[in-house]
Amino acid sequence: MDTGRQDESRNPTETAPDTRDANTPPELPTAEELPTAEEQPTATTEEQPTATTEESAAATTDEVPAAIAEEAPAKVGDSAVRSGLRRLARGWRHPRLRLPKRVALGLVLVLLLPTLAAGIALRVNYAGDPAPGTQTRNRDALWLGHAWVDGRKGEADIDALAARLRGSGIRDLYVHAGPLEHDGSLPATAYPSAGWLVQAVHRRLDGVRVQAWLGDKLASEGPNGLRLERAGTRDAVVRSAGQVLDAGFDGVHFDLEPLHSGDAHYLSLLDDLHGLTRARHVPLSVASHQIDPLPALHSAAGTLTGHPKWWSQSYFGQVARRVDQIAVMSYDTAMPLQSLYGGYVAQQTSLALEVTPESTDLLMGLPFFHDDTVGHHAYAETVEAAVRGTRLGLSRTDRARERFGVALYVDFAATETDWTAYREGWVREG
């Protein structure tokens with residue numbers, strides 16, 4: 001999610017205005033002032049050449065007052081502009097343009113009216129008060145950066161994290177342990193401090209699970225990346241999941257992007273991964289794209305931009321039924337106002353609740369970061385607005401849903417304001 005400045009140091013040279021009245025004739029000399037015949041110079045015919053027509057015209061022009069000469073170009077310019085505007089108006093009223101004008105107006109309305117209607121709907125979604133009891137169920141999660149497993153963090157950092165999390169609703173930590181290689185493998189050197197971290201968290205925070213966060217860029221919109229259509233790559237991803245579980249992690253969390261709606265290879269991968277995690281008695285968790293705010297919007301976006309940002313609601317449900325926990329990345333929405341963003345989160349919450357089975361934990365993402373890009377406006381996408389939107393969606397759709405929470409992204413970009421908004425709005429009644 002530059003304005004230029006005029007150079008005021010250069011002042012044009014000021015010229016005193018010509019105060020002569022252009023309509024006042026020049027003063028003639030008096031009889032006394034006229035020279036006598038004796039005083040007038042005489043010349044022969046050869047010494048007095050006759051003035052040409054061009055010279056006479058030049059002399060006449062020289063006698064025109066300076067103010068008139070200066071105003072003439074401006075008047076000509078104004079006249080040309082007015083003439084051009086009149087021609088444009090006559091052309092715009094031409095009968096042959098009647099149909100093109102109606103088509104253009106129709107296109108403007110087609111583009112503008114749905115946008116206005118969607119904005120009004122989102123603003124209405126943000127109205128009202130959340131129902132009592134729509135707050136933490138102690139199933140929240142927090143994404144943690146790679147510094148926690150590569151040796152940059154120590155005991156003092158664990159103590160500070162534990163102090164921060166006590167009394168909150170956070171039960172799961174998604175610790176970045178990747179990324180995966182494009183062939184699905186994972187270097188063991190990527191998470192050297194994993195065992196220390198898991199044990200340190202368990203000693204300080206009873207019941208908190210430390211999951212390995214794995215991900216990679218998919219080759220769904222370009223030549224480079226992980227290719228889910230390859231069976232060998234999917235098998236390697238499953239082996240990588242087993243590898244981090246062997247290192248001591250309490251579960252595995254996947255974030256693969258950009259993942260297009262309807263990808264059957266991803267569903268196949270989830271089936272294989274869930275078989276592994278069930279056998280190990282640990283949770284399988286995934287981060288998900290947002291759901292179509294309008295029917296089939298992902299298809300339209302894919303056609304127009306090549307990047308189908310959303311999933312269909314049906315596909316979201318298919319993914320949710322294959323995992324133990326699904327966290328909606330309900331940020332990076334490009335919404336320009338808090339009220340529109342909050343209304344959007346309320347809508348996403350309702351859409352997700354409608355298709356997520358009660359056996360799966362549904363978490364709504366909170367933006368604990370402050371980028372300003374085309375897709376994310378920090379002044380609009382606030383934790384306060386996201387929490388309120390989440391509670392409104394929960395209130396309207398399934399206020400008694402037990403397996404529900406929020407997921408905080410991300411620890412290293414969070415501010416005290418973010419943590420305060422989470423605690424006051426979600427952990428306890430605001």
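In segment 119-154, what residues are assigned to a helix (DSSP H, G or I) and either open to solvent by less than 40 Å² (accessible area, probe 1.4 Å) or modelled with pLDDT of 95 or more (or both)? Give the steps one after another, and end with the answer.
Initial filter on segment 119-154 (assigned to a helix (DSSP H, G or I)): 119-125, 146-148.
The answer is GLY119, LEU122, HIS146, ALA147, TRP148.
So which of LEU205, LEU284 ends up being at pLDDT 95 or above and within 34 Å of the chain's Cα centre (by Cα)? If you could, list the steps in order and put the result at the bottom.
Working: LEU205 fails: within 34 Å of the chain's Cα centre (by Cα).
Answer to the selection: LEU284.
Please go through segment 166-187 and pick out each residue that is among the hydrophobic types (A, V, I, L, M, F, W, C) and over 17 Å from ASP250 (Cα atoms). Spell out how you get there, then give the answer.
At the first step, the residues of segment 166-187 found to be among the hydrophobic types (A, V, I, L, M, F, W, C) are 170, 173, 175, 177, 180, 186.
Listed by number, the residues that qualify are LEU180, LEU186.
Quick check, is ALA385 outside any strand (DSSP E or B), among the aliphatic types (A, V, I, L, M) and either open to solvent by 60 Å² or more (accessible area, probe 1.4 Å) or closer than 19 Å to LEU144 by Cβ (or both)? Reasoning before the result, please.
Details: outside any strand (DSSP E or B): yes; among the aliphatic types (A, V, I, L, M): yes; either open to solvent by 60 Å² or more (accessible area, probe 1.4 Å) or closer than 19 Å to LEU144 by Cβ (or both): no.
Judged against the criteria, ALA385 is not a match.
Is it true that ARG234 is closer than 28 Å to LEU362 by Cβ and outside any loop (DSSP other than H, G, I, E, B)? Can you show your working first?
Numbers: closer than 28 Å to LEU362 by Cβ: yes; outside any loop (DSSP other than H, G, I, E, B): yes.
The answer is yes for ARG234.
Which residue, of LEU269, LEU276, LEU256, is assigned to a helix (DSSP H, G or I), out of contact with any His (no Cβ under 7 Å at 6 or more places or on another chain) and open to solvent by less than 20 Å² (accessible area, probe 1.4 Å)?
Working: LEU276 fails: open to solvent by less than 20 Å² (accessible area, probe 1.4 Å); LEU256 fails: assigned to a helix (DSSP H, G or I).
That would be LEU269, the only listed residue that is assigned to a helix (DSSP H, G or I), out of contact with any His (no Cβ under 7 Å at 6 or more places or on another chain) and open to solvent by less than 20 Å² (accessible area, probe 1.4 Å).
What are the residues in segment 330-364 that are open to solvent by 20 Å² or more (accessible area, probe 1.4 Å), closer than 23 Å to ASP272 by Cβ and not in a helix (DSSP H, G or I), if any?
PRO357, SER359
From the list PRO367, PRO308, pick out the single residue that is at pLDDT below 95 and either buried (at least 24 other Cβ atoms within 10 Å of the Cβ) or among the acidic types (Asp, Glu) (or both).
Details: PRO367 fails: at pLDDT below 95.
That would be PRO308, the only listed residue that is at pLDDT below 95 and either buried (at least 24 other Cβ atoms within 10 Å of the Cβ) or among the acidic types (Asp, Glu) (or both).
Within 25 Å of THR356 (Cα to Cα) and among the small types (Gly, Ala, Ser): which single residue out of ALA300, ALA334 fits that description? Show your work before the answer.
Numbers: ALA334 fails: within 25 Å of THR356 (Cα to Cα).
Going through ALA300, ALA334 in turn, just one is within 25 Å of THR356 (Cα to Cα) and among the small types (Gly, Ala, Ser): ALA300.
Restricting to segment 399-430, name every residue that is surrounded by 19 or more Cβ atoms within 10 Å (Cβ to Cβ) and part of a loop (DSSP other than H, G, I, E, B).
Result: ALA414, single match.
Can you find even one residue in segment 240-248 that is under 25 Å from ALA188 (Cα atoms) and β-branched (Val, Ile, Thr)?
The first filter runs over segment 240-248 and keeps only residues under 25 Å from ALA188 (Cα atoms), leaving 240-248.
Of the ones still in play, those that are also β-branched (Val, Ile, Thr) are 244.
Looking through segment 240-248, at least one residue is under 25 Å from ALA188 (Cα atoms) and β-branched (Val, Ile, Thr).
The values are calculated or read from the model by the stated rules, or taken from the named source; none is laboratory data. What you see is a predicted model, and the numbers here were worked out from it, not measured in a lab. Cβ coordinates were reconstructed from backbone atoms using ideal geometry, including for glycine residues, and neighbour counts include every protein chain displayed. The protein model used for the area step is the full one, side chains on, heavy atoms only, and it has no ligands, DNA or RNA in it. Shrake-Rupley method; radii C 1.70, N 1.55, O 1.52, S 1.80 Å.
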